[in-house]
Amino acid sequence: MNHLAHVFLAPDSPEARVGSILGDFTRGVELSALPGEVHRGVRHHFSVDTFTDRHPEVLASKRLFSSQRRRFAGVALDILYDHFLLKHWHRFSDHDCDRFIERTYRELSENRHLMPPHMARVTARMVDYDWFGAYQDLENIGQALDRVAARIRFANRFEGMIEEIHDHQAELEERFLKFFPVLQSIAKEF
């Protein structure tokens, strides 16, 4: 799961939502020193990722990608799933999507003191450039994936992955719609 899905699924507190994103920024962080709700959010993040990585619909989705790109299929699906969550928001929430995003951005801005420096920089860009709003457009997902590809420090064929997403979009979306309600239900137990 990517950032939007993690905050969407996180326990209902600003600190836990911060922790749910912090799960991607834990290198060098002493987890036991985190405030309780932040630590809870990090643990929740790890549980969501573990469940996601093992789910049959996700594994089947990864197999749709070519052998040259399959190594990065998990990264692509993480970001794509934020797009599908936004597209089908009404299936998963009674709350207004725009208000949820605004609240999340406000909480991230107000709680930068809980973040390691790298996360604070990334979340500032997330808010300033409205990443979640941008993820509503599939072409922006392609651009985000290409930016990830450019940061990889070894030769890869990750760039242009959006082409394979287009080729399999209907099946990827169908598999997401089978998987995400299960994750949403079980995430309440993490």
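The values are calculated or read from the model by the stated rules, or taken from the named source; none is laboratory data. Quick caveat: nothing in here was measured; it's all calculated off a predicted structure. Quick reminder, even Gly has a Cβ in these numbers, built from the backbone with ideal geometry, and neighbours come from all protein chains shown. Ligands, DNA and RNA are stripped out before the accessible areas are found, and what is left, the full protein with its side chains, is counted by its heavy atoms. Shrake-Rupley method; radii C 1.70, N 1.55, O 1.52, S 1.80 Å.
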- Note on the structure: Checked against the positive end of the charge dipole of segment 24-92 (+1 on Cβ of Lys and Arg, -1 on Cβ of Asp and Glu, about the Cα centre), the farthest of Phe46, Thr26, Val75 is Val75
- Message: With a cap of 16 neighbouring Cβ atoms within 10 Å, and only residues DSSP puts in a loop, list the trypsin sites (Lys or Arg not before Pro) found in segment 46-148.
- Response: Arg63
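List the relative contact order of the chain as a percent without decimals, with contacts defined as Cα pairs under 8 Å and 6+ residues apart.
28 percent
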- Inter-part distance where segment 84-151 and segment 28-47 are each reduced to a Cα centre, Å: 20 Å
- Task: Between His118, His88, His55, find the one with the highest GNM mean-square fluctuation for the chain; connect C-alpha pairs within less than 10 Å.
- Result: His118
- Item | Within the chain, helix-based [θ] at 222 nm, where runs of 4 or more DSSP H residues each add -39,500 (n - 2.57), nearest 500 | -20500 deg cm²/dmol
- Taking all protein chains as present, what is the carbon and sulfur share of the accessible area of segment 36-175, in % to the nearest whole number, probe 1.4 Å? 46 percent
- Note on the structure: GNM of the chain, Cα pairs under 10 angstrom: of Ala33, Ala16, Ala144, the biggest fluctuation goes to Ala33
- Filter the chymotrypsin sites (Phe, Trp or Tyr not before Pro) in segment 58-150 to those in DSSP coil with at most 16 other Cβ atoms within 10 Å of their Cβ, and list the result. Tyr129
- If we count every other residue with Cβ under 11 angstrom of Glu171's Cβ, Lys/Arg +1 and Asp/Glu -1, where does the sum land? -1
- Query: Quick one: accessible area per residue over the chain, 1.4 Å probe, rounded to a whole number of Å²?
  - Reply: 51 Å²
- Message: Only helices at least 24 Å long along their own axis, judged from Cα atoms, and with Kyte-Doolittle mean hydropathy of -0.5 or greater: name those in the chain from DSSP H.
- Response: 169-187
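Using 0.36 nm per residue of separation minus the Cα-Cα distance, give me the extension gain between Val182 and Arg112 in nm, one decimal.
22.0 nm
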- Message: Just to be sure I understand the curve: with the Debye formula and one point per C-alpha of the chain, what is log10 I(q)/I(0) at q = 0.18, 0.20 Å⁻¹?
- Response: -1.33, -1.58
